[in-house]
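The values are calculated or read from the model by the stated rules, or taken from the named source; none is laboratory data. None of the values given here were measured: they were computed from a predicted structure. Glycine gets a Cβ as well: all are built from the backbone with ideal geometry, and neighbour counts include every protein chain shown.
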Amino acid sequence: MSVTAISRQFHLASRPGGAPALENFKLVERELDAPSEGQIIVRNLWLSVDPYMRGRMVDRSSYIPPFGIDEPMDGAAVGIVEASKDEKFAVGDTVSHFAGWRDLALIEARSATRIDSAAPPQSYLGPLGIPGLAAYAGLLSIGEPKAGETVFVSAAAGAVGAVVAQIARIKGCRVIGSTGSEDKARWLTDEAGIDAVINYRQVNDLSAALAKAAPQGVDVYFDNVGGDHLEAAINAANDFARFPLCGMIAQYNGEPSGPRNIYRAIEKRIKLQGFIVTDHLGLWSDFQRDVGQWISEGKVKWTETVVDGFENAPQAFVDLFSGKNTGKMLVRLADAEDSRA
């Protein structure tokens, strides 16, 4: 095949021992072949930056392969088809796919999904994408919230947590969220409309703060943090509470620490169930229908933290672990705005 373009892409330069740092990434250029039958070339407009990627920097077996040293990283992205050798895609189509962390990607057409919605394209990396599906599937399939129950969501201003909190509200639950800043707390109450917010950076005893916010106990805990949040939720749980375990960002960069009160999960007959979003792809059409409708009705809102410039993707990833994002962390490539003109 002939060479058609140059792709800038980030490779994993080294594996972090603790928090990720800029030196763990390396920007390289690679020649792309022209697409063969069944392939397309996509110019990326938006890149998704997600906490789970930290686990892929570790060389261990998991539900998704680790990033290889000196090999291209990947992740969710949205872009415009620039060349196509597949009849299902035309030049100019907007698509979502999984070849992020590069500005230009040669991919198999079957791995891309055309976006025809009037919603902003980057929403397919947030509330209408994998984070939204994780929220929808985890809360409804595992959490099984019932009207009048109390739902506690950690990292409630994040890409997953914000959708969880609002779906729980739609289902008639009392919703408590945790977050780490007053700006995020205001967004959760003023925009997302949840009932109570705990700023975990401003309390000395998270269990006591949760007990005060949830005097009737917690029926569902959606875990994005782990650590002291999981311990506090176990303390506050009612009998037969349900805990969808989506992520544990508190443990991604250091030594894992389990809740000291885990035995109470037996006493209270708590269901703790970890899940991976790709196990629930069968819910995709229901998720798109329901969340799309809730967004159009103004019942689900979202916010984004946008970092401009492809070369700033590693900094966006580093910032994710210091809580500098509200809502979905995104990288907007230089021509993203021009593409909408």
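None of I276, I295 is surrounded by fewer than 16 Cβ atoms within 10 Å (Cβ to Cβ), under 30 Å from D103 (Cβ atoms) and in contact (Cβ under 8 Å) with a residue 40 or more places away in the chain except I276. Of the numbered criteria (1) buried (at least 24 other Cβ atoms within 10 Å of the Cβ); (2) in contact with a Lys or Arg (Cβ under 8 Å, 6 or more places away or on another chain); (3) over 23 Å from S141 (Cβ atoms), the one G193 fails is (1). Taking the numbered list (1) in the same structural domain as R56 (by TED's automatic domain parsing); (2) within 30 Å of G217 (Cβ to Cβ); (3) in a helix (DSSP H, G or I) in turn, G323 passes all entries but (3). The set of residues in the range 50-105 that are touching a helix residue (DSSP H, G or I) at 6+ places or on another chain (Cβ under 9 Å), part of a loop (DSSP other than H, G, I, E, B) and of a type in the set (K, R) comprises K85, K88. Looking across A105, A76, A99, A112, one residue alone is under 30 Å from I249 (Cα atoms), surrounded by 14 or more Cβ atoms within 10 Å (Cβ to Cβ), at pLDDT 95 or above and touching an Asp or Glu at 6+ places or on another chain (Cβ under 6 Å). It is A99.
Candidates in the range 238-268 are the residues that are within 25 Å of A159 (Cβ to Cβ), more than 19 Å from the chain's Cα centre (by Cα) and not charged (D, E, K, R); of these, the one that is surrounded by the most Cβ atoms within 10 Å (Cβ to Cβ) is A241. Residues in the range 130-139: is at least one in the same structural domain as A233 (by TED's automatic domain parsing) and more than 19 Å from I295 (Cβ to Cβ)? For the range 130-139, residues in the same structural domain as A233 (by TED's automatic domain parsing) and more than 19 Å from I295 (Cβ to Cβ): absent.
Within the range 32-67, being touching a Leu at 6+ places or on another chain (Cβ under 7 Å) and small (G, A, S) holds for one residue alone: S48. Cβ-Cβ contacts under 9 Å between residues 6 or more apart (or on different chains), taken from a first residue in the range 228-249 that is over 20 Å from R260 (Cβ atoms) to a second residue that is surrounded by fewer than 24 Cβ atoms within 10 Å (Cβ to Cβ) and of a type in the set (S, T, Y), are listed as P244/S141; G247/Y52.
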